[in-house]
Number of protein chains: 2
Amino acid sequence: MEKIDLIVSAPHFYTMTGNGVGYMADTAMAVDGGKIKAIAPAGEILKSYSAHHLIDGKDHLVLPGFIDGHMHMTDGLLRGLAQDTSNWMMHGIAPFQLKMDEQGAALGGELAVAEGMAAGTTTFGEFSNMNPALLKFMDKTGVRCQMTVKIREAEERIYDPGELYVFDQGLGQTTLNQCLDAHDHWQGAGNGRITILFGPQGPDFVSKQLLLKIRRLAMERNCRIHMHVQQGDRETAQMVNRYGQRPIAFLDQMGYLDAHLIAVHLTDAKESEAALVAKRGASMILCSGSIGIIDGIVPPAKAFQDAGGNVALGSDQAPGNNCHNIFNEMKLTALFNKILYQDPEVMPAWKVLRMATIEGAKALGLHEEIGTLEPGKQADFITINLATPSMAPVYTEPMRNMVPNLVYSARGNEVSTVVVNGQVLYENGHYHTLDLTKILERANLYAQQLGPRAADTFWKINGANAQLMRTHRL
Amino acid sequence: MEKIDLIVSAPHFYTMTGNGVGYMADTAMAVDGGKIKAIAPAGEILKSYSAHHLIDGKDHLVLPGFIDGHMHMTDGLLRGLAQDTSNWMMHGIAPFQLKMDEQGAALGGELAVAEGMAAGTTTFGEFSNMNPALLKFMDKTGVRCQMTVKIREAEERIYDPGELYVFDQGLGQTTLNQCLDAHDHWQGAGNGRITILFGPQGPDFVSKQLLLKIRRLAMERNCRIHMHVQQGDRETAQMVNRYGQRPIAFLDQMGYLDAHLIAVHLTDAKESEAALVAKRGASMILCSGSIGIIDGIVPPAKAFQDAGGNVALGSDQAPGNNCHNIFNEMKLTALFNKILYQDPEVMPAWKVLRMATIEGAKALGLHEEIGTLEPGKQADFITINLATPSMAPVYTEPMRNMVPNLVYSARGNEVSTVVVNGQVLYENGHYHTLDLTKILERANLYAQQLGPRAADTFWKINGANAQLMRTHRL
C-alpha cells in the first residue's frame, strides 16, 4: 500500500470531466503532494493507498472547488452601502470608497476570503490596487488567488454625469509599475497558488497609448489581461465621446480581442458584440448578481457561449451584489437567463455548475491546474453535506437531483470541507488558517470609523440611500 | 417588577411598523401569554419586567418572523426533480407526483417546515389536499399555519398540450367537503395559530358552478379564497377554449375579484389585468423563484402594488423553485423586478422586506395578529446573527446597511432564533419541536422507493431531464 497525504471518499462525486458533470458513484480520490493522484471506485483506492488524513464523505458529494473569477475583495468592508440606487459608482460607492485606506482594503479582502471560502470558493480572482498585505493574507490562508493588479490613468474623484475622465500619466505609470512589480515578486508564489494578471481598469480608464503598452508587456510575460469591457452606458459614453467608437469596436481595431483578454461584464454589449469578442478568442467573466443590482441588466453570456466562448462567474464586490458566494452566482445566472429568454430550459443547472468550475478555469487560463477532479490536477475540492434540508432528499433514479439542488436550493452553508492544493482550509464550520472572530471585530471597528468620515459626501450627494435613510426605510 | 414569559433584547430592532422598516436601536421586547406586551428602550423594559426566559441578542437584529404565503409543502419530497424543463407540470413534476401517497405528502411537509423554520419562516401558507397528518405536525411543532385545502374538479392525470380538462363532479364535491371539514375541525386550533382557507385550484381546474358555490360557502364562513389565478399560458388557453375569456376577465364577470380573494401567481396576467385585480380589492401572492424556474417570467407584482394592492411572497414548491426560503424570495423579487424594468431603484430592499412581513400579513388577512412587532400582536419573531460574514460589517451611520444585507447577502443560515406565539421553536441550529435527523432519514428512504416507481413514466415522457440524464448532465 502506497502512503499518501489524503484520501476523500463519498457516495457521489461530480468530477466535471467530459462534456457534462462527470458523475461517479461510491468513489474515492487519492491526493498526494497537493495533487490528485487517482480517482476510482472507493474499494480500489482504499486497497491501493493508505493516507494520514481520511475524509469520510458519508452523506456528502464531492466537487471541484468553485472559481470566483472577478472580485473586488478590497471593497469588502463596504457591503450593503451601494444598492437600490442609480448612478451606483458615483452616488453609491464613491462616498465610502474614497475614504478607504490600504489597511481597510486588505481587511475587506480578509472578510471576503472568509465569506467565499465557507461557501466553497477555492480560487479568488481579485481585481484591485496592488495590496501586499492582502496578497500575504491569501498566501498564508492557503487559497488559490489570481490577482489582477489594477492599472488606471483616470484621476480618482467624483465625476459629473457625462464629464470626460481626466488622464494622469503619472498615475498610469505608477499603477503599471505596481503591476509589473507584483508580477516579478508574486507570480507562482505559494506553490503556484498565486498568479498575477495585468488589469487595465477599462478601455475608458486608461489612454490608448497605455493600453497598447500594457498589451506589449503582458505578451512579453506570457500573461493575460483582465479588464472591464463595455461595463455600462457610462463607459460606452466615455468611449464614444473620446474616440467616436463603442468599446468593443475600439478594442477590436486595436487588436485587443484575442486569447490574452479576459473581458469582464459586457453589460452594455449587444449580443453581436459579445459574439465578436468570443470569436476573437477572448473569454468572459459574468457577474450576474452585481450587474443585476447595479444596472438591472442580464449581460449577453449566452450569446458569448453560443459563439464558442468560455464564461467564468464572478461575485464582483460587496457594495453592489452584495456577497461573495458562487452558489448565489450560479442560481442568479440560471434564473436571470431563463427570464431574459422567457425559456425555462435556458442555462440549466449543469451548465452553470460548469461555469463555476471547468469552464471558469478555461476562461481564466487555469484549466491545466484546476476545474475538474482528475489525476495530475491540483487537489482543489469541496464536500457538500446532503443531510441538510436544502439538499434533501437525494434521488439517484430515474434521475439524480443533486446538481439542480446545488444550483437552485443550496445557499453555501451546505459546504462541509474546503481543500486547496491538498490542504484542508475549512471543515464543518471551522477555519483552519484564519480567525473569523478577529476579522469581524476589526471589520466592525473600521466601519464605525469609516461611516462618519463618509457622511459629509453621502448627505451632500443625497442619492437614493440618503433619501431612504431620511424616510425610515433602512 | 412584573413577571412575564420572555424578554428579547438586541442592539437593532426592525419592527416593520409605519411606512418603512420601523428601526429601533438598543431595544427590548416583553412577551407574555404568546403576545407582545411592550417594546421599548432596553433599559426601560429591563426595569419594568423580569422574565423566566431572556434572549440576549447581542450582535443580533430582531425582526418579525417571515410569512411564506403560498407553499405546496406536500411536494417537499420532490425537490430537484422538475426544473430546466418546459411543460413543467406534465413533463416535470407529474411522473413523480402521481406516485406520491398521503404519507409521502405529509413527510414532504415536515421537511419543508424544517427548511423554512431554520430560514426564519414562522407562518406557513400551505396549499394542498387535506392532509390531517401534516396539520397535526404543524400544530405540534408550534408554527403558524394558514392551510388552504385544495378543491379540484379536473381529473388528475397527464393531459396532452391543449386538451381540455375533464371535470369530475364527484371529485369536486369530495374535495370541497374535505375543505369544509378541515374548517370545522381546525379553524383557530393551536391557540389560533392554524387557520383554514378555501382553495379552488384555479379557475381552470374547477367548473363555474363549483366556483360560485365555493364563494358562497366561503362568505358564509367569513373565510378567504386562496386560488391560483392566470398562472400560465396553459391556464389561459383552458379558459379561452372553454369560456372564450381570459381568466381575470372571467373572474371579474363572476364577481370573484374582491377582498375575499387571494390571487396567486398572475404569471400570465398583463399589467392592466393585475392592476384590475388589485383595484377590486383582492390581494396577490408572488412566487418569484418558482415562476422564474418554471416559466422564465417575472409576474406583474409591481403593477399590482402600484394599483394599491398588497403582495405577499411565497416559495411555492420544492420541485420547481427549489427551496422554501423567504430570504431567497426577497432577493429574487428585488432582482427580477430590477431586471424587468432595467432600473436598479425598483423593488428596493425595504420594500421586499415589507412583503415578507407586514404587507404579506395584510395580503393574507393576518395583519391584526402578525407582521409587525408591536404591543398586542402575537410574538412571532426571529433574530439574525450579525457576527457572520454575510451580514458584516455593520454600519449605523451615515446609513444603516442591515436591511440591504438581509435581502441581498443573507441566505437564511444567519437566523439564530425563531419564536412563534412566544414559544422558541429553533435556536442556534437546534430545533426544539421536531427531529431533523429522523425527517431526513425517512425522506431519503421514501425517495429511494418513489424514484423507481416513477421511472417508467419518466423515461416514456422523455422530457428535458430524461435527456439530461442520458447525456451525463445530472
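Sorted from nearest, the other copies put their A:ALA249 label points 4.6 nm away, the label point being 7 Å from Cα in the direction of Cβ. Per residue of peptide A:405-416, the mean number of Cβ atoms on other chains within 10 Å of the residue Cβ is 5. Dipole magnitude for region A:66-364: computed about the Cα centre from +1 point charges on Lys and Arg Cβ and -1 point charges on Asp and Glu Cβ, it is near 720 debye. For B:TYR341 and A:HIS52, what does the FRET efficiency come to when R0 = 41 Å and r is the distance between their Cβ atoms, rounded to the nearest 0.05? For B:TYR341 and A:HIS52, the calculated efficiency is 0.15. Spatially, region A:271-303 and region B:248-304 are offset by 33 Å when compared through their Cα centroids.
Semi-axes of the equivalent ellipsoid of the protein assembly as shown are 44, 32, 29 Å, computed as sqrt(5λ) over the eigenvalues of the C-alpha gyration tensor in descending order. May I ask for the angle, rounded to the nearest 10°, between helix A:208-220 and the longest principal axis of chain A, with both axes built from Cα atoms and the value confined to 0 to 90°? The two axes meet at around 30 degrees. Both the radius of gyration and Dmax for chain A are 21.9, 71 Å, in that order, over alpha-carbon atoms.
Remark: the A:GLU163-A:GLN209 segment gains 14.5 nm on full extension, using 0.36 nm per residue and subtracting the alpha carbon distance. Spacing of the modelled spin labels on B:LEU217 and A:HIS432, each 7 Å from Cα toward Cβ, amounts to 6.2 nm.
Once the C-beta distance of B:ASN177 and A:GLU44 is scaled by a Förster radius of 35 Å, the resulting FRET efficiency is 0.05 to the nearest 0.05. Each of B:HIS91, A:HIS70 was scored by other Cβ atoms within 10 Å of its Cβ. Arranged with the fewest first, they read B:HIS91, A:HIS70. Placing a label point 7 Å from Cα along the Cα-to-Cβ axis, B:PRO132 is separated from the same position in the other copies by 7.6 nm, shortest listed first. Quick check on region A:343-474: take the gyration tensor over C-alpha atoms, sort the square-rooted eigenvalues as a ≥ b ≥ c, and tell me if it's rounded (a/c under 1.5), prolate or oblate. In terms of gyration-tensor shape, prolate. Too long at a 32 Å Cα-Cα cut-off: which of A:LYS338/B:LYS150; A:LYS208/A:LYS331; A:LYS338/B:LYS136; A:LYS460/B:LYS338? Flagged as over cut-off: A:LYS208/A:LYS331; A:LYS338/B:LYS136. Each residue in A:SER272, A:SER48, B:SER416, A:SER315 was given a count of other beta-carbon atoms within 10 angstrom of its own, and listing them fewest first yields A:SER272, A:SER48, B:SER416, A:SER315. What separates the B:VAL166 label point from its copies, with the point 7 Å along Cα to Cβ, is 8.0 nm, written shortest first. From the alpha carbon centroid of region B:1-28 to that of region A:1-77 is 47 Å.
What are the trypsin sites (Lys or Arg not before Pro) within region B:1-86 that DSSP puts in a loop, where the Cβ has at most 15 other Cβ atoms within 10 Å? Here the trypsin sites (Lys or Arg not before Pro) that fit, given the DSSP loop and packing criteria, are B:LYS58.
Peptide B:383-391 shows a mean partner chain C-beta count of 6 within 10 Å per residue C-beta. Annotation: amide H-H contacts under 5 Å for A:ALA51 (H modelled 1.01 Å from N, sequence separation of 5 or more, or interchain): A:ILE4.
Only the coordinates and a few stated rules stand behind these numbers; no lab work does. All values derive from a computational prediction rather than experimental measurement. Methodologically, a virtual Cβ is constructed for each residue, glycine included, from the backbone with ideal geometry; neighbour enumeration extends over all protein chains shown.
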